Each structure stands twice: as structure tokens, then as C-alpha cells.
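To start, the structure itself, in C-alpha cells.
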């Protein structure tokens, strides 16, 4: 083991913040979910649905997912390049600037400072913090990779490089240009692109870099096919940037740009299926690991959810399915299946692996880890099923001319079920954080 | 792959800019796409409706402030702001969204989720009273609503009553301006205009079903006992109907008579514009008949005293300038101005002294606003002039008009012409 390459204090620094968000952000999700059935629950000027929702979404994407991912990044990059991270001493700044920006941004949202653009809500100068922190990380990573000992660049690093470049551009675009560009319809078109760049050009490539690294590592098997990973990477890189308008289909946005978004959304089946083929191929003849190892279990479960959620997302863009399902919980099912069921499950699984590597054996409780895994898996599966069904039910009801409030009444029992599935998976996530923090100290 | 630069430049920057350029910028460089006009419905100086292309309304003053509050409170997470080309959406919320309507929207407020209804054309759908009570506690009016209460839009006035504060007034102004770039589109919206319904049998089953509809949709304002004293009515300037009194304003039957079932059907379906009474045309026809049968059961005399014969409303003629001028003369001769004012602004000499049958102060309609409670088609005004509004100081003019041998349509078109849009 050449653990000497990895600076574990950077990894742990990111993880600690990640675990904090792993407890906070999903908890806000539960509170929001309860408000559907009990609208007066915890509802006041600062905590009502409209103020709390962006705190949940940003907390999950920029806090829970991103902080844990950055922790993994500082483990993967030295391992894959064979050199230590360039200018390690800068990492502390990146950690604190990133996470304190998120704390400040969340508080300002609760106080009503909201820019009015979904996933780009944070008021100035909060986004500057994210951009600055990302610049430090990008610089460190790119220089480290260029100093690498291995000539070939492993697939995880392609995704990392692309994700960092895309997101640096996207955060700049979303915060410096988007709030001031165009008017009405063209602003919506640009915003559609921005929203999807957050999930498609940050969460997706970052999440895939994690599973590409940790699945072969934890299953102790070589990657199934490097050719397929090339296909997956380049088709994702080419098609993903075009799909954003599918957030505003059948709107006054010109039809032909909507059509480009729909066609490219369908084309995303290529990278998704290619990537998933690679993962299942990697585990071929090695499935016993799936039963014994929590990391493999979470990674493969995440791959299944990623496959289901992304395929659902592609079909959802078709105008026929879009008509009943858009604006309903079907979209929320897709969002949770991919972002949570896929990518966050990837990083949680990888956290177990890295934690054990850097803290040694006994750094987490195996029994608790199995419990958390099952709760996460059953919770998110239940939630995706409930939300998909209710989205179709409400969508069909509305498209056939139901009075709006009647369709809400139909939804209420489903929302209660959704809350229960949400609580299940949130306890699962919190258990990951508690387990690692508690036993990690002892080890 | 062996080069960091290839990945960073081609996959990273290259595809990113290519997509932003093709999807986000190129389409809006074409002049024919960047339309700045909106199809607007206006009232002509002859009192008829006309469609033309007009500039959208800009956001300024209190409406602009209201928009900022709409963003601050995150209303847009639950309420979308575009209507898709689907029949169900057009019927439920109004005509399809147009490109030009969004000319001044920065940031845009399209929204991605409809936990609540779309608000593109909410302006004028409900009266201010409805929104005020609904902001204070949505479940007071809509028991199944899941919208948060917005009690911080309120302050207490000197009498200890809750009234809107400046934020509340601003958001209300913003909400009520939604869709007004399209002018008086509601006046020719086919789903909200009814001439007459048929009638239904008041069976036991229908009344029972009607009660269920009533408790979910009506009781918040009209009260569980039908006495017009629902919880929300405290917020209303114009009080909800007391169904136990058997007094109905909007009828095709002579003054003093009960209304026809069809009259109630029209009011329930089309709503009463400018007041808290919404239009219920989205409910199934059967639900509407059931609730009417239930409402009638609050006043037992409906069974024993049938309504009188309705008046005959002929086909309205096409208006001419001479007709509108003649209408002005009829307006003066019938002394409409005593209450409605000489310019029809609802500010006549008697305006401030008027009371309804329950001793509540009542304001004469301001004709220049173009909001007519019982409908804005010529036939609707004809009906109101000829039958009067029971329970209010507005009498029936059928006898005086016939005695003077005047053309009632002249008066109708004159009144409509008072709300003509400036060219």
C-alpha cells in the first residue's frame, strides 16, 4: 500500500463536512415532505416550503454529494497519478471556502435572498466562494495529473478533468451571465441549460469517476472494457450539453431547439447503457462480492438505480410522455433515482472503502453498515416507485381535465408513503455518517 | 487517452460552448423569433370586443415590487408560469402562453413543478378578497389546499382586523396583473361564459353528493349552514350569498322572484367577477348540478314557490355609433347616474349611502373598469337591467324602458363602451 501518496487530512476534512451535510440536507427533505400532508408543520416566515426547498436541493448537490466527492477526489487523483497532490497546503482553504459558502448561502435563502433561478439561487457574493474553491481544486488536480508517472490517463481522471472544467464554466455562466442575460423566453432557455449542466456536467461525471475507480478496486477485478468506457465518455461529453431545454418543453421556446433537446436526451441512452454494461461486466464471475462487501453492494445498486433513473429521464423528454408527467412528481422520482439512488449512493459506498483504507480495520461497524445499506436501498427504491406512480396518476388526471385541487387530494396518501420511504433512506444516510465518524475515531 | 488538454479543451470547453451557442444563443438572434407583441383583447368605443397585437405590460412600481416578493418567497417552486398547448391546460388556466408576454421577464419564472396551479393567467380569476383570505389561511377557503399560510403579509388595523401590509399589497398587485398583457381575454373566453343552463332533478342522492361538493368548495365562505357567514367571509368587502334568505341577485326571472336553476348554474359556472366567488366551470356538470340542488335545500320555499317566467333575451343587434349615443340619453333619463355617476365611475351622489338588504354598505358598479359581476356579454347586461338585482338597491328597469319605448340594447352598449380601451 502506498498510502503515503494520499494526504488523509484533506480527505477527512472534506468527509467531515460531507457527513454534516449528509445529516442536514436529507433532514430538510423530510421536513419538506411532511409539509405536503401537514402544510402548517414548521411553517413560518423563514421555514415555509418556498424558502426551505432550495436549501434542500443545494445542500444535497453542493454539500452532501460534492463534499464527499471532493474527499474521494483527493484519494483517487494521487492513486491514479502516482504523485502527491500539487500544493496540498491550499486544500484547507478550498474545504472551508466551499462549505462556509454553502452555509452562508443556505442562511441567506432562509432570510429571503433568492435570485429566482432554480439551482442558481444564492445571492452574490456567495457563488464567488464556490468558484474560487473550485478554481483551487481544478488547478491542483490538473497540475497533479500533468506530473503523473503513468503515461495513460485512467477513465476516472477523464471524468474528473471534464467535470471540473465544465463546472467551473457553468458556475461562472450561471452566476455572472444567466441572471442578466436575455429576457423571458431566452432566459428560460439558458437557465434550462444551466440546470442540466449542474446534474449532467457535474454530478454525473463526478459520480461516474467514483464508480469507475472504486468498483474495480473494491471488487478486485479489472475494468471490463476500456473501449466501452471511451464510448461512454465521449457520447456523454457530446450529447449532455445539449439536453437542458427539456426542462421547459412545450413552452414558448422555439420548437426546433426543444426537438434538439429531446433527440439528445434520447441519445443519452448510449452513454448510460455503455457505462452500466461496463460495471456489470466488471463484476462478471465476481458476484459473491456483491453479497459481502458494502462498497460493492452500494456501487452496483447505485448502477442499477442510475440505469433506471437515467433511462426514465430519456423517455420523459419525449413529448408524448412529457405531457402528462412534466410538472408532476414523476420528475421528482427521476431526480431522486439518479442524484440520490445513483450518484450519492456511489459516493457513500466509496466512503466506506476509503475510510477503511485510511483508518485501518475496524474503522466502521460492519453490522451497522449493512443496516444502513439496506435502509438506503429499500428507502430509495420505495420512493422512486411511489413518486413515479403518483406522477403518472396526477398527470393523467390533470390531462383529462380534473379540477386542480381534486388532483391534490388524490396525491395525499402517496405523499405520506413518500415521507415514510424518505425517512427510511435518510436514517440510512445518517447511519453512514454516524458509523464512520464514531468508529473511525477509535480505529 | 494521453492528453489532459484534449479532454479539457474538446470535451470540457468545446462541447460546452457549442451547446450553449446552438441551444441558448442562436435561436434568439432571429428577428422572427424575438416577437415583442402579444395578442390582446380590447373593448372598442362601440362596446364590442376586438383582438389586436399590442405591447406587453412592463413591470413597474408596486407590481415590480410584488414580483420581487414572489421570487423572495419562492412561490415559483410550486407555481409554474407557462401554459402548454394542451386542451386541459387551456381550459383550466386560459389561452396558450405567447413569446411576447415574457419580454420583460428577468429572471424568467417558468417554473418546473406544479405543486399548486399555474399562475400565468391568474389575474382577475379571483377577486382581491379571495386572495387576501387565501393568503391569510388557504385552508379557510380551500380545505384541501397545501399552500403555506402567509401571515407576514398582514398587519392589524386600528379595529384589530387583519389587513394586507405593503408586501401583501404588492404581491396581490403582481398576482392580479398576471395575464393582463392579453387585456380582456376573459370576456371572450368560451369556457367561462354561459348563456343559460338547463335544469336538473333535485333527488336525494343529488343533494347528498352536493353536500360533499359544498363542504369542500363553498363552506369556507358561505358557511356550513349556508348563511353566508363562513370563516373567510370576515375578510370580504362583498359578503357571500346567504342561501337561507332565498334572495338572489343574478336571475333571468322578474324582480323579486326566485332564480331558475339555470341562473344558479350560470353563476356557479362563470363565477362572479371582481368578487371572491370563483368560476367553477372546471368541475363536472353533474357536480355543479348537485351542489345547486344542495344550495336550494337551504331555502325550503324553492319547493313550494316556483320561480316566475324568465324574461326573453333577444339576439343582440350590432352596435352603431348612433346607438351608443342614444344609450347615453337613456342612461340620463333613467337616472342611472344617481348611483353610477355621470361618467359611470360608480361615484354618483347616492353612491356612499347605499345599503343592501342585510344593511351592509354596497357600492354601485364602476363601469369604466369593465368588470361585470354577472358577465360581460351584452346579453348579461341586458338581463341585469331588465330584472334588477334582488337584495340590492339596483331595481328592474323593464317597465320604465318599455314605457319610454326605448331600445335597451342602446343602454347596454353605452355601458359597455364606458370601459373602452384607449387606442
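Numbers for the structure displayed
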quantity: Part-to-part distance (alpha-carbon centres) for segment B:154-192 and segment A:376-443, which is given in Å; calculated: 35 Å
quantity: Near-label residues of segment B:170-192 by backbone N, under 20 Å of a point 7 Å along Cα→Cβ of residue B:48; calculated: B:183-190
quantity: Computed E for residue B:199/residue B:363 - FRET, C-beta separation, R0 41 angstrom, nearest 0.05; calculated: 0.80
quantity: Segment B:1-157: C-alpha gyration tensor shape, a/c 1.5 cut-off, then a/b vs b/c; calculated: oblate
quantity: Relative contact order for segment B:321-417, counting Cα pairs under 8 Å that sit 6 or more residues apart, in percent; calculated: 33 percent
quantity: Principal-axis tilt of helix A:66-81 within chain A, Cα atoms, nearest 10 degrees; calculated: 40 degrees
quantity: Cut-off 19 Å (backbone N to label point 7 Å along Cα→Cβ of residue B:286), residues of segment B:238-265; calculated: B:265
quantity: Contact order normalised by residue count of segment B:38-184, Cα under 8 Å, 6+ apart, percent; calculated: 32 percent
quantity: Pairwise label distance in nanometres, residue B:87 with residue B:35, each label 7 Å out on the Cα-Cβ vector; calculated: 2.3 nm
quantity: Efficiency of FRET from Cβ geometry, residue B:21 and residue B:55, R₀ 35 Å, rounded to 0.05; calculated: 0.70
quantity: For segment B:247-269 versus segment A:215-253, the gap between their alpha-carbon centres in whole angstrom; calculated: 64 Å
quantity: Spin-label zone in segment B:25-56 - amide nitrogen under 20 Å from a point set 7 Å from the Cα of residue A:263 along the C-beta vector; calculated: B:25-30
quantity: Computed Rg/Rh of chain B, alpha carbon atoms with Kirkwood Rh; calculated: 1.04
quantity: Helix-only CD estimate at 222 nm, as mean residue ellipticity for the protein assembly as shown, using -39500 (n - 2.57) per DSSP H run (n ≥ 4); calculated: -16500 deg cm²/dmol
quantity: Segment B:286-352: relative contact order as a whole-number percent, Cα under 8 Å and 6+ apart; calculated: 13 percent
quantity: Taking the C-alpha atoms of chain A, convex hull volume expressed per residue in Å³; calculated: 137 Å³
quantity: Nearest-0.05 FRET efficiency for residue B:191 and residue B:329, computed from C-beta distance (R0 45 Å); calculated: 0.80
quantity: With Cα atoms, 0 to 90° folded angle of helix B:61-72 axis to chain B main axis; calculated: 60 degrees
quantity: Label point distance in nm, residue B:234-residue A:368, each placed 7 Å from Cα along Cα→Cβ; calculated: 5.1 nm
quantity: Neighbouring partner chain Cβ atoms per residue of B:73-82, average, 10 Å criterion; calculated: 6
quantity: Part-to-part distance (alpha-carbon centres) for segment B:58-97 and segment A:138-178, which is given in Å; calculated: 39 Å
quantity: Neighbouring partner chain Cβ atoms per residue of B:90-103, average, 10 Å criterion; calculated: 3
quantity: Acute angle (nearest 10 degrees) that the helix B:204-217 long axis makes with the longest principal axis of chain B, alpha-carbon atoms; calculated: 50 degrees
quantity: Estimated distance in nm for a label pair at residue B:64 and residue A:280, the labels positioned 7 Å out from Cα along Cα-to-Cβ; calculated: 5.8 nm
quantity: Isotropic mean projected area of the C-alpha convex hull, segment B:321-417 (nm²); calculated: 5.8 nm²
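The numbers here are math on the coordinates, done by the rules we state, and not lab data. From a predicted model like this one, the values you see are computed outputs, not experimental measurements. Positions of Cβ are generated from backbone atoms using ideal geometry, with glycine treated the same way; all protein chains shown enter the neighbour counts.
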